[in-house]
Amino acid sequence: YAVPLAKIESRSWPVVGWLLRWYHVIFITRGVVDRAALKATWRVLKDGDISVISPEGTRSVDLRLQEAKEGLAFIAREMPDAWLMPCAGTCRDNSGVRRF
């Protein structure tokens with residue numbers, strides 16, 4: 001089971017917010033230490049499930065790697081046996097511009 005983290009603002013988006021809540025996404029308040037989101041993520045990992053985290057906290061407009069936020073370090077410090085598997089994805093929109 002993979003549990004993604006999503007910005008708290010997405011919780012109130014029409015339709016998408018409902019889907020995210022239905023899927024039991026962990027909502028995180030960006031820019032602060034969100035202890036509830038950290039504890040929920042640790043619980044997911046302790047249960048043997050997967051946490052899907054965007055360490056940069058956003059999508060890249062220019063497709064370049066951005067500096068990671070500190071949240072992933074908090075997760076890794078508490079769960080030293082957890083695997084950290086970096087990955088990236090891109091796609092093209094109708095204009096041929098690669099975005100993800």
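The values are calculated or read from the model by the stated rules, or taken from the named source; none is laboratory data. Since this is a predicted model, take the numbers as computed values, not measurements. Because the Cβ atoms are built from the backbone with ideal geometry, glycine has one as well, and the counts that use them run over all protein chains shown. Note: areas computed on protein heavy atoms with side chains; ligands, DNA, RNA excluded. Shrake-Rupley method; radii C 1.70, N 1.55, O 1.52, S 1.80 Å.
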Using a probe radius of 1.4 Å on heavy atoms only, what accessible surface per residue do you get for the chain? Whole Å² is fine. 80
Is any residue of the range 7-48 close enough, with backbone N under 17 Å, to a label point placed 7 angstrom from the Cα of Met79 along the Cα-Cβ axis, and if so, which? 7, 24-29, 34-48
Within the accessible area of the chain (1.4 Å probe), percent carbon and sulfur: 58
In whole Å, largest first, what are the principal axis extents of the Cα atoms in the chain? 43, 30, 27
Subtract the Cα-Cα distance of Ala68 and Asp49 from 0.36 nm times their separation in residues, and report this length gain in nm to one decimal. 4.6 nm
Enumerate the aspartates and glutamates that Lys46 could reach by cross-link, defined here as Cα to Cα under 20 Å, with residues fewer than 8 away along the same chain left out. Asp34, Glu78, Asp81
Per q in 0.20, 0.23, 0.24, 0.26 Å⁻¹, report the Debye log10 I(q)/I(0) for the range 9-61, using one uniform scatterer on each alpha carbon and no solvent. -0.85, -1.07, -1.13, -1.21
Grab the Cα-Cα distance for Arg35 and Glu9, subtract it from 0.36 nm times how many residues apart they are, and report the gain in nm with one decimal. 7.6 nm
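Count charges around Phe74 for me, please; just the other residues with Cβ under 11 Å from its Cβ, Lys/Arg as +1, Asp/Glu as -1.
Numbers: positive: Arg35, Lys39, Lys69, Arg77; negative: Asp34, Glu70, Glu78.
Here the charged neighbours net out to +1.
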